[in-house]
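Visitor: Structure in structure tokens, see below.
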Amino acid sequence: MKMVKMMDKTRTHNYKNNNKMKKTSMDKIRIGLIGLGNVGRGVLTYMLNPLDSSKFGYQVEYVGISNGNKRRDFTTDLNQFNGKNLPMPKLTTNVLEDIINNPEIDVVVDAVGGNAEYDKTSLTYIVGAIENGKHVVTANKNNIARNLSRLTALANKNKVNLRYEGAVCGGIPIIRALNNYFFNDEILKIVGIINGTSNYILTKMHEGKTYEEALGEAQKEGYAEADPTNDVNGTDAASKLAILASLAFKTEIKPENITLIEGIDRIKSYDVFYVKEHLSKFRDQAHIIKSLGIIEKKDNKLELKVIPAFISEQHPLYGTNGAINAITIVGKFSGIYTFKGPGAGSAPTGFALVNDILDIGERIKQGVVANFSSFENTYELLNKMESSGFVRSVSPEHRNGVFGEKTKIFAKHGLDIYQIYNFPGHMTEGDDALLPDIISIERAKEENINAMLKELKSARCNHGEPIYLREDLVF
Ligand SMILES: NC(=O)c1ccc[n+]([C@@H]2O[C@H](COP(=O)([O-])OP(=O)(O)OC[C@H]3O[C@@H](n4cnc5c(N)ncnc54)[C@H](OP(=O)(O)O)[C@@H]3O)[C@@H](O)[C@H]2O)c1
């Protein structure tokens with residue numbers, strides 16, 4: 001990691017001046033927290049209940065909220081957070097004046113986000129704070145994924161530290177692991193369960209629930225938003241994967257560079273049944289479907305995808321259930337590591353931001369700026385990938401010749417079938433009381449598979465959208 005000595009005399013001088021004006025300013029890092037939602041509350045709860053308040057040396061001066069009159073499901077009386085009688089922050093709706101443009105604030109903690117409008121506001125605050133010479137901690141994955149190298153360059157230019165541990169998989173310290181530990185190794189693969197909502201839904205489907213029932217349960221338990229679109233269609237995972245790819249491969253990857261993004265919203269109970277019951281018995285090894293973010297380096301090219309895929313019990317992510325996240329890193333020299341833990345939630349994510357604040361505090365005290373800023377590598381991104389897996393194609397009717405028609409289409413596109421599975425009787429799901437077939441194929445080029453799927457979709461032997469589920473093998 002590059003350690004750039006803080007050369008800005010004015011800023012160093014400012015600290016000295018502040019020291020003179022206010023004795024506490026060097027040993028008290030002054031924080032402006034913006035956003036008092038799930039993440040903001042997690043940050044505040046810790047900051048006002050630190051493990052060792054006598055040595056803490058951090059003061060949350062302001063907490064910025066959008067609307068002081070808004071009804072909340074918790075009281076905005078900040079006293080509720082204060083377990084150690086630390087000085088209380090001031091609640092403000094004037095974020096620009098009290099936090100972003102306030103010379104008395106050293107670190108801006110951005111816990112704003114959750115929709116496109118909020119993301120825009122959050123980016124304005126991040127940029128404004130950096131340009132005003134403030135260190136920034138943010139949990140906003142969308143902004144970091146789309147602007148990582150630009151914001152890092154801006155932070156370096158303004159000689160401030162930028163941290164975003166909470167932006168990827170909440171409480172799992174994966175950013176630190178990549179930046180500080182795996183930095184010197186050649187990463188060959190990263191595969192992760194990086195969306196807790198999808199993982200929760202798939203876990204429930206393996207317990208026998210339909211997709212709709214599992215989603216309803218996820219919403220009831222607070223694991224899924226009222227509008228779960230970005231979680232179940234892979235968009236949320238793509239933002240996190242872009243950040244992981246940029247850091248692991250020291251390059252600039254944005255979510256739009258991930259050309260293969262498939263959600264779990266097309267997975268049906270019979271896909272789960274096939275994998276869990278038939279495939280597991282056939283291979284004499286338990287298998288499950290997981291939503292995975294995958295980055296692989298092949299011949300100095302990168303392949304990036306967010307897909308539902310089936311994995312065996314040998315896979316390091318096999319036992320990751322419920323809303324838990326896990327990320328496996330394969331290093332050429334260091335080997336295979338799996339990081340597992342809560343990928344979201346007020347306390348774990350808040351704790352990730354607190355750690356970033358404490359890290360920045362140390363940097364301020366040392367007078368150094370240490371941002372991850374190696375984005376100089378360039379890679380060709382693979383888009384004609386190869387994979388193996390199975391196709392689920394629902395037949396519209398019982399009649400002779402349906403199989404033959406299907407297999408002919410596979411053969412036409414050069415695909416080798418190694419097994420066809422018919423479900424025992426009708427597997428019904430909602431109104432879809434039709435008969436699905438599972439057709440497993442040998443490893444093939446994705447372009448051939450896509451061409452086959454396109455033809456199969458409009459063929460008489462198929463009803464609706466056929467889906468293709470890939471297998472992921474780490475070893
Ligand atoms: N929740 C998690 O577990 C988790 C995990 C990792 C990362 N993240 C990321 O962390 C960020 C925050 O997530 P969250 O779950 O805490 O969202 P949330 O519960 O919806 O809270 C968002 C907060 O942003 C505030 N806000 C919006 N515009 C504002 C403005 N102009 N000025 C001040 N405050 C403003 C809202 O304030 P009002 O209440 O006043 O409207 C609200 O308190 C998002 O980027 C999210 O992707 C969340």
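Visitor: Using label points projected 7 Å from each Cα along Cα→Cβ, tell me how many nm separate Glu313 and Arg176, to one decimal.
Guide: 3.5 nm
Visitor: Of the DSSP beta bridges with both residues in the chain, give the percent that are antiparallel, rounding to the nearest 5.
Guide: Values: 51 of 76 bridges.
The answer is about 65 percent antiparallel.
Visitor: Determine the calculated [θ] at 222 nm for the chain from helices alone, applying -39500 (n - 2.57) to every DSSP H run no shorter than 4 residues and normalising by the residue count; nearest 500 deg cm²/dmol. Numbers along the way, then the final one.
Guide: Values: 13 runs with 148 residues, N = 475.
-9500 deg cm²/dmol, from helical runs alone.
Visitor: Still on this structure: How about Lys412: which aspartates and glutamates have a C-alpha closer than 12 Å to its C-alpha, ignoring those fewer than 8 places off in the same chain?
Guide: Partners within reach: Glu455.
Visitor: Right, another one. If you plug each phi of region 284-298 into the Karplus form 6.51 cos²θ - 1.76 cosθ + 1.60 with θ = phi - 60°, what whole-Hz ³J(HN,Hα) values come out, in order, with x for Gly and Pro?
Guide: 6, 7, 5, 10, 9, 9, 10, 8, 10, x, 10, 10, 10, 9, 9
Visitor: List the GluC sites (Glu not before Pro) within region 281-325 that DSSP assigns to loop and that have no more than 15 neighbouring Cβ atoms inside 10 Å.
Guide: Values: sites: Glu296, Glu303, Glu313; in loops: Glu313.
When the GluC sites (Glu not before Pro) of region 281-325 are filtered for loop state and at most 15 Cβ neighbours within 10 Å, Glu313 remain.
Visitor: At 0.36 nm per residue, and after removing the present C-alpha to C-alpha distance, how many nm does the segment from Glu397 to His278 gain when stretched out fully?
Guide: Numbers: separation 119, 0.36 × 119 = 42.84 nm, distance 2.29 nm.
Separation in residues times 0.36 nm, less the Cα-Cα distance, equals 40.5 nm.
Visitor: Angle check, please: helix 9-21 long axis (alpha carbons) against the longest principal axis of the chain (alpha carbons), in degrees 0 to 90, nearest 10.
Guide: Roughly 60 degrees between the two axes.
Visitor: I would also like to ask the following. Report the gain in length on full extension from Gln285 to Thr378: 0.36 nm times residue separation, minus Cα-Cα distance, nm rounded to one decimal. Don't skip to the end; give the middle numbers.
Guide: Details: separation 93, 0.36 × 93 = 33.48 nm, distance 3.93 nm.
Separation in residues times 0.36 nm, less the Cα-Cα distance, equals 29.5 nm.
Visitor: Also: What residues from region 122-164 fall in the zone where the backbone N is under 11 Å from a label point 7 Å along the Cα-to-C-beta line of Glu225?
Guide: 142
Visitor: Now for a separate question. What longest region of the chain stays clear of trypsin sites (Lys or Arg not before Pro) that DSSP places outside H, G, I, E and B and that have at most 13 other Cβ atoms within 10 Å?
Guide: 85-331
Visitor: Starting from the Cα of Ser334, step 7 Å along the direction of its Cβ; do the same at Asn49; then give the gap between the two resulting points in nm.
Guide: Spacing of the two 7 Å Cα→Cβ label points: 3.3 nm.
Visitor: Could you list which residues have their amide H under 5 Å from that of His287, counting only those 5 or more apart in sequence or on another chain, with H placed in the peptide plane?
Guide: Those qualifying (amide H under 5 Å, at least 5 residues apart or on another chain) are Ser280.
Visitor: Sum up the charges of everything whose Cβ sits under 13 Å from the Cβ of Glu217, counting Lys and Arg as +1 and Asp and Glu as -1, but leave Glu217 out.
Guide: On the way: positive: Lys204, Lys209, Lys220; negative: Glu207, Glu212, Glu213, Glu221.
Combined, the nearby Lys, Arg, Asp and Glu give -1.
Visitor: Also, quick follow-up: Label points 7 Å out from Cα along the Cβ direction at Glu212 and Val368: separation in nm?
Guide: For Glu212 paired with Val368, the spin-label model returns 5.8 nm.
Visitor: Once both axes come from the Cα atoms, what is the angle between helix 196-206 and the longest principal axis of the chain, in degrees from 0 to 90, rounded to 10?
Guide: The two axes meet at around 30 degrees.
Visitor: Hey, what do the phi angles of region 251-257 turn into as Karplus ³J(HN,Hα) couplings, whole Hz, using 6.51/-1.76/1.60 and θ = phi - 60°, x for Gly and Pro?
Guide: Karplus-based 3J(HN,Hα) across region 251-257 equals 9, 9, 10, 10, x, 5, 6 Hz.
Visitor: What does the net charge come to around Val43 if you take all other residues with beta carbon closer than 13 Å to its beta carbon, with K and R at +1 and D and E at -1? Working shown, then result.
Guide: Numbers: positive: Arg41, Arg163; negative: Asp110, Glu165, Asp356.
Around Val43, the surrounding residues sum to -1.
Visitor: Further question on the same structure: Past the 24 Å Cα-Cα mark, which pairs from Lys254/Lys297; Lys290/Lys340; Lys90/Lys220?
Guide: The answer is Lys90/Lys220.
Visitor: For Ser246, what charge total do you get from the other residues with a beta carbon under 14 Å from its beta carbon, if Lys and Arg give +1 and Asp and Glu give -1?
Guide: Values: positive: Lys141, Arg146, Arg150, Lys240, Lys250, Lys254, Lys297; negative: Glu252, Glu256, Glu376.
Taking every other residue near Ser246 into account, the sum is +4.
Visitor: Region 357-425: which GluC sites (Glu not before Pro) are DSSP loop and have at most 14 other beta-carbon atoms within 10 angstrom?
Guide: On the way: sites: Glu362, Glu376, Glu380, Glu386, Glu397, Glu405; in loops: Glu376, Glu397.
Passing both the DSSP loop test and the Cβ count: Glu376, Glu397.
Visitor: Just to confirm the number: angle between the C-alpha axis of helix 446-457 and the first principal axis of the chain, 0 to 90 degrees, nearest 10?
Guide: 60 degrees
Visitor: Here is a further query. Which lysines, on any chain, are close to Lys298 with Cα under 18 Å apart, when same-chain ones fewer than 8 places away are left out?
Guide: Lys189, Lys250, Lys332, Lys384, Lys445
Visitor: Assuming 0.36 nm per residue, please report the length gained on full extension of the stretch Lys298 to Asn79 beyond their Cα-Cα distance. Walk me through the numbers on the way to the answer.
Guide: On the way: separation 219, 0.36 × 219 = 78.84 nm, distance 5.41 nm.
Roughly 73.4 nm would be gained on extension.
Visitor: Need the list of aspartates and glutamates near Lys70 for cross-linking: C-alpha distance under 20 angstrom, and skip anything on the same chain fewer than eight residues off.
Guide: Straight-line reach from Lys70, under 20 Å: Asp98, Asp110, Glu117, Asp119, Glu225.
Quick note: the coordinates plus some simple rules give every number you see, no bench work behind them. Just so it is clear, the model here is predicted, and its values are computed rather than measured. Positions of Cβ are backbone-derived with ideal geometry, glycine not excepted, and every protein chain shown enters the neighbour counts.
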